[in-house]
1. Select, from 187, 90, the only residue that is more than 22 Å from the chain's Cα centre (by Cα) and within 30 Å of residue 29 (Cα to Cα).
2. Among the residues of the range 38-52, how many are farther than 22 Å from residue 224 by Cα and surrounded by fewer than 18 Cβ atoms within 10 Å (Cβ to Cβ)?
3. Please report, ordered by residue number, the strands (runs of 3 or more DSSP E) entirely within the range 193-258 with at least 3 residues that are under 15 Å from the mean Cα position of the chain (by Cα).
4. Within the bounds of the range 141-161, is there any residue that is within 26 Å of residue 82 (Cα to Cα), buried (at least 17 other Cβ atoms within 10 Å of the Cβ) and either aromatic (Phe, Trp, Tyr) or within 21 Å of the chain's Cα centre (by Cα) (or both)?
5. If we keep just the residues of the range 231-253 that are surrounded by fewer than 22 Cβ atoms within 10 Å (Cβ to Cβ) and within 15 Å of ligand 1 (Cβ to nearest atom), which is farthest from residue 50 (Cα to Cα)?
6. So, in the range 27-45, how many residues would count as being of a type in the set (Ser, Thr, Tyr) and closer than 19 Å to residue 87 by Cβ?
7. Which condition number does residue 113 fail, the rest of (1) surrounded by fewer than 13 Cβ atoms within 10 Å (Cβ to Cβ); (2) within 16 Å of ligand 1 (Cβ to nearest atom) being met?
8. Within the range 18-70, restricting attention to residues that are over 25 Å from residue 109 (Cβ atoms) and within 14 Å of ligand 1 (Cβ to nearest atom), which residue is farthest from the chain's Cα centre (by Cα)?
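Any read-out appearing in this document is the output of simple, stated calculations on the displayed coordinates, not a laboratory observation. Everything numeric here is computed off the predicted structure, so don't read it as measured data. Cβ atoms come from the backbone with ideal geometry, glycine included; neighbour counts cover every protein chain shown.
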Amino acid sequence: MDTIEQIAMDLAEAEQGGSAPVIAVEDLHKSFGSQNVLDGISLAVKRGETLAVLGRSGTGKSVLLRLIIGLETPDSGSISIDGNEIGGLTVDRMGEIRKKMGFLFQHAALYDSLTVRENVAFPLRHNRKDMPQSELTDRVKQLLAEVGLAADLNKMPSDISGGMQKRVGLARALALEPEILLLDEPTAGLDPISSGEIDDLILKLQRERQMASIVVTHDLHSAKTIANRFALLDQGDVVVEGTFEDLQQSSIPFVREFLKHL
Ligand SMILES: Nc1ncnc2c1ncn2[C@@H]1O[C@H](COP(=O)(O)OP(=O)(O)OP(=O)(O)O)[C@@H](O)[C@H]1O
Ligand SMILES: [Mg+2]
């Protein structure tokens, strides 16, 4: 519907700062035993946005991503993906929603016994069963070329560097052309040049694909390169959220302390 009304609505929406969030998290709580990890987190990410989630080790950043992808269940609160509350969904429906999400685990989490090529092919083999083998092969090659690993497709994960493993993880996360990209410390443990290359790659992918992304990172340089919004977590809650300038201007003692040590 490309009517005048639609165009007017789009313009009004753009003026208000864009469309409805792709990822909306509200008042999320999660405990493990007596440990209260997330204590009322609320966040929203729109298409084309990258939110950097910062915070000390153990504050629940990885848990937050695992909840969004449905690998953990919240104690209370809601998570909506494209307006669908994932709480009450059937396994099949959740499976459909999960296909919209690309996830890069904190430690790349490649399948050790599979080659680089087969790691990237994995989501396609499981979710695009009707894809002809020749198309699958081409798609995997294209994904690996995109992350600069065209020449390494037959290597085993143990025979490539940490930076290359992260790239393979990224190619695998992109295999199903996700609308949502969740990255858990994409540059951790990498030298500054490799980190910069990963950042450039993420930025390029974001520009081309306009995904809604969350990146968890301890790397402020990386966060500033790839993110347009920041959320700082502490003690189970979002302490501050906004642009980097908003963080810098915050008078909250924890925010000032955190930024001083970055
Ligand atoms: N499955 C689980 N069972 C019990 N405790 C868990 C589980 N998953 C996470 N936790 C605990 O929840 C807390 C938050 O863990 P999480 O991995 O999210 O931290 P993080 O913010 O990602 O830290 P880092 O920056 O070091 O990666 C930790 O204390 C962790 O031990
Ligand atoms: Mg973590």
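1. Just one listed residue meets the conditions, 90.
2. 2
3. Values: elements: 212-216, 229-234, 237-242.
Output list reads 212-216, 229-234.
4. The answer is yes, given that some residue of the range 141-161 is within 26 Å of residue 82 (Cα to Cα), buried (at least 17 other Cβ atoms within 10 Å of the Cβ) and either aromatic (Phe, Trp, Tyr) or within 21 Å of the chain's Cα centre (by Cα) (or both).
5. 235
6. Total meeting the criteria: 2.
7. With (1) surrounded by fewer than 13 Cβ atoms within 10 Å (Cβ to Cβ); (2) within 16 Å of ligand 1 (Cβ to nearest atom) applied to residue 113, the lone miss is (2).
8. My answer is 34.
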